[in-house]
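The values are calculated or read from the model by the stated rules, or taken from the named source; none is laboratory data. Here the structure is a predicted model, which means the values were calculated and not measured. All Cβ positions, glycine included, derive from the backbone under ideal geometry; neighbour counts span all protein chains shown.
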Amino acid sequence: MAPAEPRAQRPEVEAQGAAPGRRPATARERRTDVLVPLGTFVVGLGLLLGLPPLDAADPDSVVPAGAYPAVSSGPWLVLALGLLVQSAVLLAARRAPRATLVAVSVVPVLAAVAPTTLHGLLLLPVVVAVVLAVLRVPLARLWPALVAAAALVIVAEGSVLYSAYGAGRAGVGIGISRSLGQGFLQAFGTVGLPVLIALVVRSRREVRAARTAEATAVDREEDARIDAAVSRERAAMARELHDIAAHHLSGIALMSAVIDRQIDTDPERAHEGVRQVREQSTAVLEDLRRLVGLLRDDSPAERAVETVAGIVDLVERARFRSDVRLDVLPGTTGAPATAGPAAPRPLGDGVGPLAQLAAYRTVQEALANAALHAPGSPCTVTMDDRADDHLTIRVENGPATVPALGSTPAGGNGLRGMRERAELVGASLQVGPTDTGGWTVSLRLGREALPTPAPQAATAHPGTTTEGPR
């Protein structure tokens with residue numbers, strides 16, 4: 001994953017030394033770079049001081065008395081100085097892990113000139129250097145330094161075993177073979193086992209980093225989904241608010257302008273217009289109250305879902321402020337010939353509720369736009385429900401006969417809302433000017449189900465009557 005990739009590349013950058021793009025060490029890492037060498041020196045010096053007394057107190061000890069170097073003697077000082085040098089070299093393990101590993105492994109070879117029983121203590125810093133190098137450098141780039149460190153350990157331990165433990169007394173060939181065998185075992189324990197342990201630790205660290213990156217990616221994806229859902233809800237609320245406000249408030253603005261002209265010349269018509277303004281204001285408040293109720297969790301919202309059949313009432317209300325005509329072409333149920341003429345089926349039969357709401361809002365917005373941009377012009381709403389697979393609604397108005405009141409600077413949201421609603425329900429929307437200078441809005445809605453078939457009419461048998469009881 002992307003977050004884990006820089007982590008995997010970091011050891012390569014550190015292995016190159018002072019690279020220009022190397023990530024600077026944090027305060028915690030710098031503290032660790034000091035504590036690890038210091039702890040190594042303290043542990044090594046403690047073993048150098050404590051092993052001889054502990055071994056002397058053991059009655060079953062196989063090491064003869066006097067085999068350990070005395071404190072402050074020449075061999076003892078060589079070991080202490082070697083531990084100090086190795087610990088100091090470990091301070092550069094982060095900047096140059098491969099060079100540090102080789103340098104730490106050279107010290108046991110140099111200290112072999114004064115071989116002692118405790119010479120193996122110099123391998124402790126080598127183990128630490130191996131672990132630090134494997135954790136920070138890919139194994140493909142580290143293997144030459146590991147091979148060099150193993151060879152130096154074989155040489156150092158083989159030399160000490162040959163001279164200090166008398167391996168060469170049985171003969172040169174036998175002594176060399178024994179020394180090399182022991183050196184290989186020491187190299188495996190000093191280099192091989194730490195490499196395996198460090199690889200296990202490194203793999204677990206990478207798995208943990210991958211899991212963390214995966215969890216972070218999941219969180220980001222969830223946040224993105226939440227943001228997308230919030231954006232969709234905000235767009236839906238914006239459409240609802242625009243549809244409510246545009247329809248009612250545009251009518252209020254137009255009727256207010258008419259009242260202003262009629263208040264002196266025709267008071268009766270002016271009073272009627274004021275009552276219509278009041279009705280429109282009450283309607284917009286009720287719609288806004290329903291919308292707020294939908295958004296609140298502490299109170300249930302009672303909201304009537306607008307349908308295609310409600311367009312008839314919508315057009316009736318729109319006639320109070322402009323010349324609006326309604327032309328309904330209903331479909332038929334296809335009744336059998338024996339049952340008499342076909343009966344008209346319900347408007348929008350088979351059209352889903354979301355599609356019917358989109359149709360209602362589209363007609364509402366089209367009527368508001370016609371009243372705002374083409375005042376005084378006739379407007380025709382045609383609902384063609386004759387086809388069995390779709391419903392077509394068309395709103396067409398002529399050119400303005402009086403100067404328009406103008407539009408707000410934030411215009412264009414109505415058409416955008418129409419298109420969004422049409423796309424949401426899979427409908428086809430066409431808007432544009434007409435040849436006569438007017439404007440047309442055409443919406444085609446597909447049916448989710450076939451229209452309801454007509455019920456079979458009861459056939460009267462001879463000798464019976466359909467007259468009910470008296």
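Every condition in (1) surrounded by fewer than 18 Cβ atoms within 10 Å (Cβ to Cβ); (2) in a helix (DSSP H, G or I) holds for Leu123 except the one numbered (1). With respect to Arg386, determine if the residue is in a strand (DSSP E or B) and modelled with pLDDT of 85 or more. The answer is no for Arg386. Whenever a residue of the range 180-196 is among the basic types (Lys, Arg), it has no partner that is surrounded by fewer than 17 Cβ atoms within 10 Å (Cβ to Cβ) and modelled with pLDDT of 85 or more lying with C-beta atoms less than 8 angstrom away and at least six residues away or across chains.
The residues of the range 346-383 that are touching a strand residue (DSSP E or B) at 6+ places or on another chain (Cβ under 7 Å) and either in a helix (DSSP H, G or I) or small (Gly, Ala, Ser) (or both), listed by number, are Gly348, Ala355, Ala359, Thr362, Val363, Ala366, Leu367, Ala370, Ala374, Ser377.
Screening the candidates Ala67, Ala18 for the property of being surrounded by 11 or more Cβ atoms within 10 Å (Cβ to Cβ), in the same structural domain as Ile154 (by TED's automatic domain parsing) and modelled with pLDDT under 85 yields one hit, Ala67. Would you check if Ala25 is at pLDDT below 65, at negative phi and hydrophobic (A, V, I, L, M, F, W, C)? When the stated conditions are applied, Ala25 does not pass them.
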